[in-house]
Amino acid sequence: MFHYGTEDDFGGVWFNLLPAGQKRLSYYAVKKAYGADTSRDNTPPVISSLAVEGDAAKVEAGRDLTLAVRATDPDGDAISYQVLGSTMYLDKDKRLIPLPATDLGGGRLRLTAPDRPGVWKVYVKATDGKGNVGIETRSVRVVPPAVNGTDVALGRPATASSYQTGGGDCPCTPANAVDGKADTRWAADWSDPQWLQVDLGASTSFTHVQLVWEAAYAKAYTIQTSDDGSGWRTVREVTDGNGGVDDFDVSGTGRYVRVHGTARGTGYGYSLYEFGVYRR
Ligand SMILES: [Ca+2]
Ligand SMILES: [Ca+2]
């Protein structure tokens, strides 16, 4: 038995009897083991099952996610739920991030899936208004939302203003952004501006763009097309990017299409797992 304190994070939920100061079943078990009478204590809700509706291995980023939870309170207290998420398996960040959820009744909780692809740990807390909490967790794999149509950039020749040639998982070449693989990425030098362009081979109309950012995302960028690779037309401008998956309908035609980053979201360079250009 471990007890570190009242930390309410990845490790705290694993170990603590009192995460965020709320008492868990283990708190009462320890109290009893040390000889106290717990028979009249009000105790925490017990979560007997927690399931992700649909496929937990294919949760689409930014779309609806519904959890089905079964919980009962031994004292008959009304239960309220809170959902949190951790990116510990993505980036070792131990914090728990609130994922606002709507209680649909019948133990169903609806929330917006995280916008960032990768494995998330999802926490459901059931509280009874008496200082007690029951916690259950599930891991989900968040994936970019499926796009209708054909990715005309897939496997096409890609070039960029720069790319990281080594270190960590690099070389991070421009081709990595159009190889259809979720775990290979393009990464640029740590400066503004930077761009990545794809040669579609011939003038091509497209209706949708999907960018899957690594942690080093673009805050401001444009999507542009060109017929000759030198004169560019902007088909979309983004000034408030927050990383994760950027998905939008556009109307563009050109042989070349590029993402032109003007303001980075972090101190690192721009980094894209995938740059999809779709035609319906
Ligand atoms: Ca209770
Ligand atoms: Ca890739």
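Check each of the chymotrypsin sites (Phe, Trp or Tyr not before Pro) in the stretch 177-223 and keep only those in coil by DSSP with at most 16 other C-beta atoms within 10 angstrom; list them in order. Mind showing how you got there, number by number?
On the way: sites: 186, 190, 195, 206, 213, 217, 221; in loops: 190, 217.
The qualifying sites are 190.
Could you work out the relative contact order of the stretch 10-143? I mean the mean sequence separation of Cα pairs under 8 Å and 6+ apart, divided by the number of residues, in percent.
Numbers: 291 pairs, mean separation 38.6, N = 134.
Relative contact order here is 29 percent.
Compute the distance from the alpha-carbon center of the stretch 166-211 to that of the stretch 108-139, in whole Å.
34 Å
State, to one decimal in nm, how far the label point of residue 92 lies from the label point of residue 57, with both points 7 Å from Cα in the Cβ direction.
2.8 nm
Set the Förster distance to 51 Å, then compute FRET efficiency between residue 205 and residue 14 from the Cβ-Cβ distance, nearest 0.05. Walk me through the numbers on the way to the answer.
Working: r = 52 Å, r/R0 = 1.01.
Calculated value: 0.50.
Counting Lys +1, Arg +1, Asp -1, Glu -1, what net charge surrounds residue 9 among other residues with beta carbon under 12 Å of its beta carbon?
On the way: positive: 92, 94, 95, 121; negative: 7, 8, 93.
That works out to +1.
Based on the alpha carbons, how large is the Rg to Rh ratio for the stretch 150-279 when Rh follows Kirkwood?
Values: Rg = 13.1 Å, Rh = 14.1 Å.
Radius of gyration over Kirkwood radius for the stretch 150-279 works out to 0.93.
With every protein chain left in place, what is the accessible area of residue 10 in Å² (1.4 Å probe, nearest 10)?
About 40 Å², rounded to the nearest 10.
Relative contact order for the stretch 150-279: what is it in percent, counting Cα pairs under 8 Å that are at least 6 residues apart?
Values: 384 pairs, mean separation 46.3, N = 130.
In percent, rounded to a whole number, it is 36.
If a paramagnetic tag sat 7 Å from the Cα of residue 80 along the Cα-Cβ line, which residues of the stretch 103-146 would have the backbone N under 17 Å from that point?
103-110, 124-135
Determine the gain in length on full extension of the stretch residue 169-residue 148; use 0.36 nm per residue of separation and subtract their C-alpha separation, reporting nm with one decimal. Write out the running numbers ahead of the final one.
On the way: separation 21, 0.36 × 21 = 7.56 nm, distance 3.05 nm.
Here the answer is 4.5 nm.
Modelling each spin label as a point 7 Å along the Cα-to-Cβ direction, I'd like the residue 191/residue 33 distance in nm, to one decimal.
5.9 nm
With contacts defined as alpha carbon pairs under 8 Å and 6 or more residues apart, what's the relative contact order of the chain in percent?
Result for the chain is 16 percent.
The values are calculated or read from the model by the stated rules, or taken from the named source; none is laboratory data. No experiment lies behind these values; they were computed from the predicted model shown. Counting neighbours? That spans all protein chains shown, and the Cβs are built from the backbone with ideal geometry, glycine included. Just so you know, the surface numbers come from the protein's heavy atoms only, side chains and all, with ligands and any DNA or RNA stripped out. Shrake-Rupley method; radii C 1.70, N 1.55, O 1.52, S 1.80 Å.
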